[in-house]
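Novice: Just dropping this structure here.
The values are calculated or read from the model by the stated rules, or taken from the named source; none is laboratory data. None of these values were measured; they are calculated from a predicted model. Cβ sites come from the backbone with ideal geometry, for glycine too, and all protein chains shown count toward neighbours.
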Amino acid sequence: MSIFEQTRAAFALPEGIIYLDGNSLGPLPKAAEARTASLLRDEWGTQLIRGWNTCGWMAQPDKTGDRIARLIGAAPGTVAVGDTLSIKVHQALHAALQLQPDRREILTCSGNFPSDIYIAEGLIETLGGGYTLKIAAPEEVASAMSAKTAVLMLTEVDYRTGRLHDMPTLTGQAHAKGITTVWDLAHSTGAIPVDLEGADADFAVGCTYKYLNGGPGAPAFIYAKPELAERIMPSLPGWLGHAAPFAFEESYRPGPGLTRMRVGTPPIIALAALETALDIFEQTDMATIRARSITLSERFIKGVEATAPALRLVSPRDPKARGSQVSFAFKEGYSAMQALIARGVIGDFRAPDIMRFGFAPLYNTEAEIDRAVDHITEVITQNLWQAPEYQIRHAVT
Ligand SMILES: *Cc1c(COP(=O)(O)O)cnc(C)c1O
């Protein structure tokens with residue numbers, strides 16, 4: 001078996017489904033079922049509160065953080081795991097602003113995910129003091145940086161178009177202007193090689209339920225460059241980020257380094273599932289995954305453009321300029337995606353007209369890409385999306 005046949009066999013993929021939505025929620029690792037069942041039965045069920053010591057639950061977020069660190073070019077001890085990505089964005093942005101006492105502008109781009117932008121707006125409200133949010137077009141980020149900019153906050157891969165920001169170059173340009181950087185790796189982690197140390201990134205955040213396959217609501221993570229971690233006071237000073245949580249002191253004292261970015265009790269069941277997903281990544285490496293992701297996405301684009309020209313590519317054509325997803329604009333994209341899902345080809349839709357397809361080499365195959373293209377061709381050229389059942393809008397698109 002080739003490496004990718006082995007990794008595919010490690011996932012519980014339903015029969016008859018071509019899953020091209022691992023960019024939203026990765027599939028279930030087969031080992032997660034037995035691992036979480038044993039955690040419930042043999043750890044929680046028998047050890048009760050003792051499990052925090054006897055089963056290593058308290059140390060688990062650090063162990064998981066070190067495994068994620070390896071996938072994003074970070075050193076051990078620089079990644080804290082827990083909470084959701086929105087919360088980690090809040091922490092990272094607040095921390096970055098603290099390093100910039102004389103500047104008031106947060107710069108982001110219009111391709112950023114709404115939650116990141118809402119969190120920035122909320123933080124500006126909470127902080128007072130005249131902070132502003134500047135939203136530039138993705139291509140204009142470099143020219144929008146100025147001596148007024150405190151923080152450059154970007155999501156490396158655009159969730160709608162898959163457009164990839166050049167993290168090392170933009171980080172260098174930001175630093176030359178005295179700007180602190182916050183990178184959101186939501187659509188990068190497990191999808192493309194990331195080298196936070198090489199890029200000299202200041203702060204980074206990401207989630208683990210997309211390309212990492214950690215499961216719905218799996219915990220997020222935050223990275224800080226080691227020399228910065230101890231210069232900041234966390235925006236959410238929870239007891240598990242305290243220097244001595246079990247001293248139950250009256251007042252907060254930050255823990256050493258990045259441990260101060262922990263907030264509360266770690267999600268042990270979710271971490272157990274995530275660990276089984278990280279095991280699968282150990283069978284290969286990000287460069288190999290990236291090369292195969294490009295093969296799959298190029299094959300997909302070529303196929304769709306040849307047979308369904310009504311779909312317009314909105315992702316960068318150069319594979320080096322996009323992440324591991326491909327997006328096509330189609331006016332009736334919502335209904336077309338419903339029709340595809342009914343045929344077992346699962347992608348997703350992002351308003352107003354984007355049909356999004358994610359490629360995950362750990363389990364997607366060339367044969368699946370070809371079958372997906374065939375289904376798209378039929379749905380589009382025979383107007384099958386017009387059926388009434390595909391017009392009904394669901395809460396999650
Ligand atoms: C998926 C995603 C989120 C989601 O945040 P949660 O708090 O995990 O729901 C936030 N930001 C970006 C850039 C994302 O892609």
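Novice: Please enumerate the residues belonging to the stretch 351-397 that are modelled with pLDDT of 95 or more, of a type in the set (A, V, I, L, M, F, W, C) and not in a helix (DSSP H, G or I).
Specialist: Ile354, Met355, Phe357, Phe359, Ala360, Leu362, Ala387
Novice: Continuing with the same structure: Quick one: which of Arg343, Arg260, Arg322, Arg290 is in contact with a Ser or Thr (Cβ under 7 Å, 6 or more places away or on another chain) and touching a residue at least 24 places away in the same chain (Cβ under 8 Å)?
Specialist: None of the others qualify; the one that does is Arg322.
Novice: What is the one condition in (1) under 21 Å from Leu258 (Cα atoms); (2) out of contact with any Cys (no Cβ under 7 Å at 6 or more places or on another chain) that Ala220 does not satisfy?
Specialist: Every condition holds for Ala220 apart from (2).
Novice: Something else now. Take Leu28 and tell me if it is among the hydrophobic types (A, V, I, L, M, F, W, C), under 26 Å from the mean Cα position of the chain (by Cα) and crowded, with 21+ Cβ neighbours inside 10 Å.
Specialist: When the stated conditions are applied, Leu28 does not pass them.
Novice: Do you know which residues across the stretch 309-349 are assigned to a helix (DSSP H, G or I) and either at pLDDT below 95 or farther than 14 Å from Ala372 by Cα (or both)? First the steps, then the outcome.
Specialist: Applying the first criterion (assigned to a helix (DSSP H, G or I)) to the stretch 309-349 yields 319-321, 333-342.
Within the stretch 309-349, Pro319, Lys320, Ala321, Gly333, Tyr334, Ser335 meet the criteria.
Novice: A further question on this structure: Among the residues of the stretch 75-101, which ones are in contact (Cβ under 8 Å) with a residue 12 or more places away in the chain and in a loop (DSSP other than H, G, I, E, B)?
Specialist: Ala75, Gly77, Thr78, Gly82, Asp83, Thr84, Leu99, Gln100
Novice: Moving on. Any chance you could count how many residues in the stretch 173-205 are in contact with a Leu (Cβ under 7 Å, 6 or more places away or on another chain) and at positive phi?
Specialist: 1
Novice: Now for a separate question. Every residue in the stretch 76-93 that is within 11 Å of the ligand (Cβ to nearest atom) and not small (Gly, Ala, Ser), please.
Specialist: Quick first cut of the stretch 76-93, residues within 11 Å of the ligand (Cβ to nearest atom) only: 83-90.
Within the stretch 76-93, Asp83, Thr84, Leu85, Ile87, Lys88, Val89, His90 meet the criteria.
Novice: Name the one entry in Ile119, Ile68 that is within 15 Å of the chain's Cα centre (by Cα) and within 15 Å of the ligand (Cβ to nearest atom).
Specialist: Ile68 is the lone residue from the list that is within 15 Å of the chain's Cα centre (by Cα) and within 15 Å of the ligand (Cβ to nearest atom).
Novice: While we're on this one: Counting just the residues of the stretch 281-308 that are not acidic (Asp, Glu) and not in a helix (DSSP H, G or I), which one comes out surrounded by the most Cβ atoms within 10 Å (Cβ to Cβ)? Steps first, please.
Specialist: Taking the stretch 281-308 as the starting set, the residues that turn out to be not acidic (Asp, Glu) are 281, 283-284, 286-297, 299-304, 306-308.
Retained after the next criterion (residues that are not in a helix (DSSP H, G or I)): 283-284, 308.
On the way: Gln283: 13, Thr284: 16, Ala308: 18.
Per the criteria, the residue is Ala308.
Novice: Restricting attention to the stretch 241-295, report how many residues are farther than 30 Å from Thr7 by Cα and of a type in the set (A, V, I, L, M, F, W, C).
Specialist: 8
Novice: Could you check how many residues of the stretch 45-61 are touching a residue at least 40 places away in the same chain (Cβ under 8 Å) and assigned to a helix (DSSP H, G or I)?
Specialist: Final tally of qualifying residues: 3.
Novice: So which residues in the stretch 331-371 are over 24 Å from the mean Cα position of the chain (by Cα), within 17 Å of Val304 (Cα to Cα) and crowded, with 21+ Cβ neighbours inside 10 Å, if there are any at all?
Specialist: Answer for the stretch 331-371, where residues must be over 24 Å from the mean Cα position of the chain (by Cα), within 17 Å of Val304 (Cα to Cα) and crowded, with 21+ Cβ neighbours inside 10 Å: Ala336, Ala339, Leu340.
Novice: Here's another thing I want to ask about it. What's the total number of residues in the stretch 159-195 that are within 25 Å of Arg104 (Cα to Cα) and under 16 Å from the mean Cα position of the chain (by Cα)?
Specialist: Here the count works out to 6.
Novice: Considering only the stretch 166-247, give the strands (runs of 3 or more DSSP E) lying wholly within it that have at least 1 residues that are within 14 Å of the ligand (Cβ to nearest atom), free of Cβ contacts under 8 Å to residues at least 40 places away in the same chain and under 15 Å from Glu156 (Cα atoms).
Specialist: Values: elements: 180-184, 203-206, 221-224.
By residue number, 180-184.
Novice: While we're here: Restricting the stretch 152-168 to residues that are of a type outside the set (Ser, Thr, Tyr) and farther than 20 Å from Lys88 by Cα, which is surrounded by the most Cβ atoms within 10 Å (Cβ to Cβ)?
Specialist: Gly162
Novice: Next up: Taking Arg160, is it part of a loop (DSSP other than H, G, I, E, B) and within 13 Å of the ligand (Cβ to nearest atom)?
Specialist: yes
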